[in-house]
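The structure follows.
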Amino acid sequence: MKEKISKYFIFFMLYAIIGWCYEVFLEVIVYKWGFTNRGVLFGPYCPVYGFGALAFIFTVYPLIRNKKGWKKYLMIPIVFLLCIVIATTIELITSYICEFTMGSWPWQTYSSYKYNFQARIALSPSIRFGLGGVVFLYILQPLFEKLVEKLGNKKTNTIAIILMLIIGIDCLITFLIK
């Protein structure tokens, strides 16, 4: 059980870091707004992406995990739609939680997007989350599983404990300062 928790926490952190990099890439390269820390914590991670990834792993990934060949790829439209629904739901709920706890949500409002709900969620980012979910589930997750397997239980547990300490300290500092 400890090994599973450690493994999934490492996945959580990997995707939280990838999410932060994605957000910074959009902000700096695509929109040319300049750099700001895109996370709610001080470190280079966006926990919402980690939670989204775990939601995908537990709900969608079992649909394709053991399928081989063309059967696996026939599932892409279903995986895409499920990822849209899950990620958009998480983003909406997170916006309410952040607004309640911090006074606002940490991403731009989607008021300028044609199809949006309360400027909290919008069709365009939801489609990007769906595409990202497909890439994540078909390419990244199998790769990350192999990498974590190669580490072995002892190294996986050690890395997970170190990451938990880092994010735990970050949470304490963030909430004490804000």
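The values are calculated or read from the model by the stated rules, or taken from the named source; none is laboratory data. Keep in mind that this is a model prediction, so the values were computed, not measured. Positions of Cβ are generated from backbone atoms using ideal geometry, with glycine treated the same way; all protein chains shown enter the neighbour counts.
For (1) in contact (Cβ under 8 Å) with a residue 12 or more places away in the chain; (2) surrounded by 15 or more Cβ atoms within 10 Å (Cβ to Cβ); (3) under 17 Å from VAL135 (Cβ atoms); (4) out of contact with any His (no Cβ under 8 Å at 6 or more places or on another chain), each residue gets a yes or a no:
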| residue | (1), (2), (3), (4) |
| --- | --- |
| MET13 | yes, yes, no, yes |
| GLY52 | yes, yes, yes, yes |
| ILE64 | yes, yes, yes, yes |
| MET75 | yes, yes, yes, yes |
| THR89 | no, no, no, yes |
| SER95 | yes, yes, no, yes |
| CYS98 | yes, yes, no, yes |
| GLY103 | no, no, no, yes |
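Take the residues in segment 29-49 that are modelled with pLDDT of 80 or more and surrounded by 12 or more Cβ atoms within 10 Å (Cβ to Cβ), then tell me which one is farthest from ILE121 (Cα to Cα).
Within segment 29-49, the subset modelled with pLDDT of 80 or more is 29-30, 44-49.
This time we only want the ones that are surrounded by 12 or more Cβ atoms within 10 Å (Cβ to Cβ), so: 44-49.
Numbers: PRO44: 23, TYR45: 20, CYS46: 17, PRO47: 17, VAL48: 14, TYR49: 15 Å.
The residue in question is PRO44.
Scanning for something closer than 20 Å to ALA55 by Cα, among the hydroxyl-bearing types (Ser, Thr, Tyr) and assigned to a helix (DSSP H, G or I), does segment 130-142 turn up at least one residue?
From segment 130-142, those closer than 20 Å to ALA55 by Cα are 130-142; that's our starting set.
After this cut, where a residue has to be among the hydroxyl-bearing types (Ser, Thr, Tyr) as well, the list is 138.
In the following step, the residues that additionally are assigned to a helix (DSSP H, G or I) were identified as 138.
Within segment 130-142 (the criterion being closer than 20 Å to ALA55 by Cα, among the hydroxyl-bearing types (Ser, Thr, Tyr) and assigned to a helix (DSSP H, G or I)), the answer is yes, since at least one residue qualifies.
So, one more: Within segment 143-152, which residues are exposed (fewer than 13 other Cβ atoms within 10 Å of the Cβ) and on the phi < 0 side of the Ramachandran plot? Reasoning before the result, please.
Step one: of segment 143-152, the residues exposed (fewer than 13 other Cβ atoms within 10 Å of the Cβ) are 143, 146-147, 149-150, 152.
Answer for segment 143-152, where residues must be exposed (fewer than 13 other Cβ atoms within 10 Å of the Cβ) and on the phi < 0 side of the Ramachandran plot: LEU143, LYS146, LEU147, GLU149, LYS150.
Here are THR59, THR94, THR101: which of them is under 18 Å from PHE117 (Cβ atoms) and hydroxyl-bearing (Ser, Thr, Tyr)? Working first, answer last.
Numbers: THR59 fails: under 18 Å from PHE117 (Cβ atoms); THR101 fails: under 18 Å from PHE117 (Cβ atoms).
None of the others qualify; the one that does is THR94.
For segment 96-124, which positions are closer than 30 Å to ILE64 by Cα and out of contact with any Ser or Thr (no Cβ under 8 Å at 6 or more places or on another chain)?
Within segment 96-124, the subset closer than 30 Å to ILE64 by Cα is 121-124.
Hits for segment 96-124 are ALA122, LEU123, SER124.
Let me ask something else. Within segment 105-126, restricting attention to residues that are assigned to a loop (DSSP other than H, G, I, E, B) and small (Gly, Ala, Ser), which residue is surrounded by the most Cβ atoms within 10 Å (Cβ to Cβ)? I'd like the intermediate steps shown before the answer.
Kept after step one, since they are assigned to a loop (DSSP other than H, G, I, E, B), are these residues of segment 105-126: 105-115, 118-120.
Narrowing the set further to residues that are small (Gly, Ala, Ser) leaves 111-112, 119.
On the way: SER111: 10, SER112: 9, ALA119: 14.
Across segment 105-126, the extreme among qualifying residues is ALA119.
For residues that are buried (at least 17 other Cβ atoms within 10 Å of the Cβ) and within 20 Å of THR89 (Cα to Cα), scanning just segment 19-28, find the one that is modelled with the lowest pLDDT.
The residue in question is GLU23.
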